[in-house]
Amino acid sequence: MKYKVVIAYDGTDYSGWQYQDNAIGIQQIVEEVLEFLEGGKVRIFGSSRTDAGVHAEGFVGHFELTKPIPPKNLVRAMNTRLPDAIRIVKASRAKADFDARLSAKGKEYRYRVYQAEMVPPEMARYWTHCHRPLDLEAMRAAAKRFVGRHDFVSFAANPNRKLDTTVRNIFSFEVKKAGPRYTFIVRGDGFLYKQVRSMVGFLLSVGKGNERPEAVTELLEAKTPRTARVETAPSRGLALYKVFYGKMPK
């Protein structure tokens, strides 16, 4: 029986989703629980990779069990054994051809920045601190320049593995503000290694007045590897918010 699960996690104390040789990934923790329930080896396949310290609210995975468990009971059984930082939000039976990664049509990431003299302690694990004022309209103008199909090599880090292409399609990129809280919301068909954090890092440079919104287009058109000009925003502010299957919402 194949299952689809939606997972939320606080990635602060983990090395990311994927297995690591010298650190603990969330995949390892989830599989240990599944193997306890199954009484044998279980492999869970994730919708994407997330870096160390990155969070998730709507990560998706799939796996198979030889001992079927009703989805509601599966959620309860897994959450009873998982650490508090990892929660199974929802479980459902999946079709035989469902693949958490290959069936995905797009993803939404949200990056959160708290602009003030200090970040409240309860928010420090999930919000990146910025003490300098930010120009909201300049950042919004720059974000719009990312939308569309582009080569994002200038806004990604070397993944130390061969890629077929560095071209990706960004469907939308919004910047919202509520008091000291800035939320960067980006949707796309896929993202390169550290692409979202690089794009947000550059938008923050625009917001601080260090770069112009037009510079986004200049860097995209240059199609050259990322330089120190494009800073990587800290991992703590980033969360995989949702994975889309079927038709992408407008």
Residue by residue through region 92-109, note down the ones that are more than 22 Å from PHE191 (Cβ to Cβ) and touching a strand residue (DSSP E or B) at 6+ places or on another chain (Cβ under 8 Å). SER92, ARG93, ALA94, LYS95, ALA96
Run ILE26 past the list (1) under 21 Å from ILE69 (Cα atoms); (2) in contact (Cβ under 8 Å) with a residue 40 or more places away in the chain and report the number of the one that doesn't hold. (1)
Which members of region 106-124 meet the condition of being loosely packed, with under 15 Cβ neighbours inside 10 Å and either of a type in the set (Gly, Ala, Ser) or assigned by TED's automatic domain parsing to the domain that holds VAL6 (or both)? ALA116, ALA124
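Of the residues SER48, SER15, which is among the hydroxyl-bearing types (Ser, Thr, Tyr), farther than 15 Å from ARG87 by Cβ and touching a Leu at 6+ places or on another chain (Cβ under 8 Å)? Full working, then the answer.
Details: SER15 fails: touching a Leu at 6+ places or on another chain (Cβ under 8 Å).
Answer to the selection: SER48.
Consider GLU57 carefully, then state whether it is on the phi < 0 side of the Ramachandran plot and not in a strand (DSSP E or B). Spell out how you get there, then give the answer.
On the way: on the phi < 0 side of the Ramachandran plot: yes; not in a strand (DSSP E or B): no.
Considered against the rule, which asks whether it is on the phi < 0 side of the Ramachandran plot and not in a strand (DSSP E or B), GLU57 comes out as no.
Residues checked against (1) hydrophobic (A, V, I, L, M, F, W, C); (2) surrounded by 15 or more Cβ atoms within 10 Å (Cβ to Cβ); (3) modelled with pLDDT of 95 or more; (4) more than 23 Å from MET118 (Cβ to Cβ):
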site: ASN158; (1), (2), (3), (4): no, no, no, yes
site: THR183; (1), (2), (3), (4): no, yes, yes, no
site: SER205; (1), (2), (3), (4): no, yes, yes, no
site: GLU221; (1), (2), (3), (4): no, no, yes, yes
site: PRO225; (1), (2), (3), (4): no, no, no, yes
site: ALA228; (1), (2), (3), (4): yes, no, no, yes
site: GLY237; (1), (2), (3), (4): no, yes, yes, no
site: LYS242; (1), (2), (3), (4): no, yes, yes, yes
Counting only strands (runs of 3 or more DSSP E) entirely within region 83-139, those with at least 3 residues that are among the aromatic types (Phe, Trp, Tyr) and on the phi < 0 side of the Ramachandran plot are 104-115
Which of (1) out of contact with any Gly (no Cβ under 8 Å at 6 or more places or on another chain); (2) crowded, with 16+ Cβ neighbours inside 10 Å; (3) in a helix (DSSP H, G or I); (4) of a type outside the set (Ser, Thr, Tyr) does ARG76 not meet, given it meets every other one? (2)
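Hey, does region 203-219 have a residue that's in contact with a Cys (Cβ under 9 Å, 6 or more places away or on another chain), farther than 25 Å from ARG101 by Cβ and of a type in the set (D, E, K, R)? Working first, answer last.
First, the residues of region 203-219 that are in contact with a Cys (Cβ under 9 Å, 6 or more places away or on another chain): 204, 207-208.
Now drop any that are not farther than 25 Å from ARG101 by Cβ, which leaves 204, 207-208.
Restricting the remaining residues to those that are of a type in the set (D, E, K, R) gives 208.
Checked against the condition, which is being in contact with a Cys (Cβ under 9 Å, 6 or more places away or on another chain), farther than 25 Å from ARG101 by Cβ and of a type in the set (D, E, K, R), region 203-219 yields at least one hit.
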Looking at VAL200 and the list (1) over 16 Å from PRO234 (Cα atoms); (2) buried (at least 23 other Cβ atoms within 10 Å of the Cβ); (3) in contact with a Gly (Cβ under 8 Å, 6 or more places away or on another chain), which single condition is not satisfied? (1)
Going through region 1-12 in order, the residues found to be touching a His at 6+ places or on another chain (Cβ under 7 Å) and either under 15 Å from ASP84 (Cβ atoms) or in a loop (DSSP other than H, G, I, E, B) (or both) are TYR9, ASP10, GLY11
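Residues being crowded, with 18+ Cβ neighbours inside 10 Å and closer than 22 Å to THR232 by Cα: count how many of those fall in region 38-58.
So the first thing to find is which residues in region 38-58 are crowded, with 18+ Cβ neighbours inside 10 Å, and the list is 42, 44, 46-48, 50-51, 53-56, 58.
Narrowing the set further to residues that are closer than 22 Å to THR232 by Cα leaves 48, 50-51, 53-56.
The qualifying residues number 7.
So which residues in region 37-91 are β-branched (Val, Ile, Thr) and in contact with a strand residue (DSSP E or B) (Cβ under 9 Å, 6 or more places away or on another chain), if there are any at all?
Quick first cut of region 37-91, residues β-branched (Val, Ile, Thr) only: 42, 44, 50, 54, 60, 66, 69, 75, 80, 86, 88-89.
Listed by number, the residues that qualify are VAL42, ILE44, THR50, VAL54, VAL60, ILE69, VAL75, ILE86, ILE88, VAL89.
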Let me spell it out: the conditions are (1) modelled with pLDDT of 95 or more; (2) of a type outside the set (Gly, Ala, Ser); (3) under 21 Å from VAL60 (Cβ atoms), and LYS247 meets all of them except one. Which number is the exception? (1)
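The values are calculated or read from the model by the stated rules, or taken from the named source; none is laboratory data. Predicted, not measured: the structure shown is a model, and the values here were computed from it. We place every Cβ from the backbone using ideal geometry, glycine too, and count neighbours over all the protein chains shown.
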